[in-house]
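Worksheet for the structure shown next.
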Amino acid sequence: MITVFSHQAGKTTCGEQVDPAWLDPAGGVTLWVDLSAPTPEETRILSDVFHFHELSVEDAVSEIHHPKIEPYPEYLYLILHGIDFKAKEHCFRTIDVDFFLGATYLVTVHGGVSRSITRVTDICRKNSGALAEGPAALMHRIVDTMVDNYLPEVERLGDRLDRIEKAVFQHPDPHLARRILDFKRDVSSLRRVVLPQRDAVGRLARREFAFISEPLSYRFRDVYDHLVRLSDEAMFFQDRIGSLLDAHLAAVSNAMNAVMKVLTIMSTIFIPLSVVVGLYGMNVELPAFPGGPAAQFWWIGLFMAAISGVMLWFFRRRRWL
């Protein structure tokens, strides 16, 4: 679906078609074209109308790309990632948004529903001044909204980590490793997205490109600070979950060692008992205990109990129990 916003003479209009005359810088038109899950026919607007480079168009129509920024003579190409609000709580996912920033236009391409772009489109429909500051300011508004949407997800990851930590030290369940590994995967996804995204926005904050004015660079600097904090949180989560995984494996190993110790002691105790039973189970004459044939069972049972008691006393004295 294509959504077109054009701002001219203080008025913003919304439609689905792009007039090529609007791309003329002398026309005084600020243009925003949003392509949401575009069809192959709809993506032709990138090459046929805006004449973007084929490599950037190829990246824009691809499903997954890491955040990056690439300058071209007539425009600036930027890939950032926003939170995928359709993802389940136990799985961290993002959706990439492609930006084509020119002197008088902004083109956004994304494969699914983006909360940030939906929010900004609502603002543009209600407020004609949203496009009055220019396409670069509009891009900052979208990027700032995308980064703000990370904060609830990061807080949710923190709550999940607290629950995992509580479970690790209270219930050393072997199945808990699955939750830890799932969380570690989500944190790795967060770091894989936030770190290059931080670098890309940092280049905008340093005003490396002519499309970014000095006042806008200060705004992007604020977004960059938020991404720095998010990257620090991701690194903190990575270190913390690594420590929890080690603690969980140690707890499970200790519990397993305790079980194995009990089983080993039981097996050790039964070794001499098996010898006694084997001896008196042979069809040969053996020395008999006092009391006649009827008392032999009780003597042998008492003898075996004595052997077990002595062995348990020895294990206890050696602090093996």
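A few comments on the model shown:
- Residue within region 284-305 that is within 26 Å of residue 93 (Cα to Cα) and small (Gly, Ala, Ser) present: no
- Scanning region 21-42 for residues that are under 13 Å from residue 134 (Cα atoms) and of a type in the set (Gly, Ala, Ser) turns up just one, 28.
- Breaking point among (1) out of contact with any Lys or Arg (no Cβ under 9 Å at 6 or more places or on another chain); (2) within 14 Å of residue 3 (Cβ to Cβ), for residue 26: (2)
- Residues of region 102-119 that are under 26 Å from the mean Cα position of the chain (by Cα), at pLDDT 85 or above and farther than 19 Å from residue 189 by Cβ: 108, 109, 119.
- So residue 30, is it crowded, with 21+ Cβ neighbours inside 10 Å and either at positive phi or β-branched (Val, Ile, Thr) (or both): yes
- Some residue of region 41-51 being outside any loop (DSSP other than H, G, I, E, B), touching a helix residue (DSSP H, G or I) at 6+ places or on another chain (Cβ under 7 Å) and closer than 22 Å to residue 112 by Cβ: yes
- Any chance residue 230 is loosely packed, with under 13 Cβ neighbours inside 10 Å and either part of a helix (DSSP H, G or I) or in contact with a strand residue (DSSP E or B) (Cβ under 7 Å, 6 or more places away or on another chain) (or both): no
- Note on region 195-227: residues that are among the hydroxyl-bearing types (Ser, Thr, Tyr) and either modelled with pLDDT under 85 or not in a helix (DSSP H, G or I) (or both) total 1.
- The single condition among (1) more than 25 Å from residue 115 (Cα to Cα); (2) surrounded by 15 or more Cβ atoms within 10 Å (Cβ to Cβ); (3) of a type in the set (Lys, Arg) that residue 206 does not meet is (2).
- Here is the figure for region 52-101: residues that are in a loop (DSSP other than H, G, I, E, B) and either at pLDDT below 85 or under 18 Å from residue 114 (Cα atoms) (or both) total 16.
- Residue ID - farthest from the chain's Cα centre (by Cα), chosen from residues in region 297-321 that are in contact (Cβ under 8 Å) with a residue 12 or more places away in the chain and farther than 13 Å from residue 265 by Cβ: 300
- Here region 281-301 is the region considered, the condition is being surrounded by 10 or more Cβ atoms within 10 Å (Cβ to Cβ) and not in a loop (DSSP other than H, G, I, E, B), and the residue that is modelled with the highest pLDDT is 301.
The values are calculated or read from the model by the stated rules, or taken from the named source; none is laboratory data. Just so you know, these numbers come straight off a predicted model, no measurement behind them. Reconstructed Cβ throughout: ideal geometry from the backbone, glycine too, with neighbour counts over all protein chains shown.
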